[in-house]
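Comments concern the structure below.
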Amino acid sequence: MRKLVYYVALTIDGYIAGPGGEVDFYPVADDMMAWMNERYPETVPTHVRKMVGMPVDTPNVSFDTMVMGRGTYDPALEHGITNPYGHMRQYVVSTTLGEIADPAVELVTGDPVELVRELKAEESDKDVWLAGGGKLAGSLFAEVDELVIKSYPVVGGAGLPAFAGGFTPTAFTPTARQEFSNGAQVTWFSRA
């Protein structure tokens with residue numbers, strides 16, 4: 001059975017974005033970008049690949065399916081991009097979006113837990129990427145098998161939390177860590 005993996009950037013104080021969805025405050029470093037493009041190429045949007053020197057047809061390494069909330073999907077839509085990750089299956093969980101004009105992206109208005117359980121039960125050598133946001137991650141928390149946290153040396157002070165929802169302390173075990181020149185770290189955690 002494949003895993004649901006929450007691969008996400010975080011501030012030191014646990015925010016994935018600013019109060020208005022801002023993410024431009026994360027410090028960028030060439031070594032970290034090169035590593036992410038090689039280790040998780042499928043997380044680079046299709047329309048961005050050429051800009052970062054990545055062939056559009058770069059094969060997926062870890063994920064072949066992604067689940068995201070409306071707030072994660074909206075930035076692409078604002079630029080007229082209806083299929084931001086054309087190199088994998090995409091599901092947008094939203095009760096307010098209404099419709100998605102692109103047949104390559106599936107709108108999910110029902111229970112995201114049911115969707116994720118179905119995706120996890122599929123035969124595949126690739127996992128399912130939970131791309132965000134915090135509200136969706138909170139509703140799917142019980143289904144998250146692994147966390148891949150890109151932790152940046154920035155305090156947000158306010159913003160969108162990594163997991164919105166109730167108080168549910170849950171142990172995860174760190175399994176690996178990678179550090180970069182900008183002070184950021186990527187840490188892998190498995191559900192204990």
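Just a few scattered comments:
- Put simply, the C-alpha atoms of the chain give a gyration tensor, and the ellipsoid matching it has half-axes of 23, 21, 18 Å, longest first.
- Tail fraction, Cα-Cα pairs, the stretch 60-124, threshold 13 Å, whole percent: 64 percent
- Less than 5 angstrom separates the built amide H of G69 from those of V93, G132, G133, all sequence-distant by 5 or more or on a different chain.
- Rounded to whole Hz, the Karplus (6.51, -1.76, 1.60) HN-Hα couplings of the stretch 125-136, x for glycine and proline: 8, 10, 8, 9, 8, 8, 8, x, x, x, 5, 5
- Counting only whole DSSP H helices of the chain, there are none at least 15 Å long by C-alpha along their axis and with mean Kyte-Doolittle hydropathy no lower than 1.0.
- Per DSSP, loop GluC sites (Glu not before Pro) in the stretch 6-63 with at most 16 further Cβ within 10 Å: E22
- Looking at the chain, the DSSP beta bridges with both ends there are about 40 percent antiparallel.
- Evaluated over the stretch 128-190, the Cα radius of gyration and Dmax, each in Å: 12.6, 35
- Straight-line cross-link partners of K120 among the lysines, defined as a Cα under 18 Å from its Cα and at least 8 positions apart when in the same chain: K3.
- The chymotrypsin sites (Phe, Trp or Tyr not before Pro) of the stretch 121-184 that meet both conditions, a loop assignment by DSSP and at most 13 other Cβ atoms within 10 Å of the site Cβ, are F167.
Every number in this text was worked out from the coordinates using simple rules, so none of it is lab data. Keep in mind that this is a model prediction, so the values were computed, not measured. Here the Cβ is made from the backbone with ideal geometry for all residues, glycine too, and neighbour counts use every protein chain on show.
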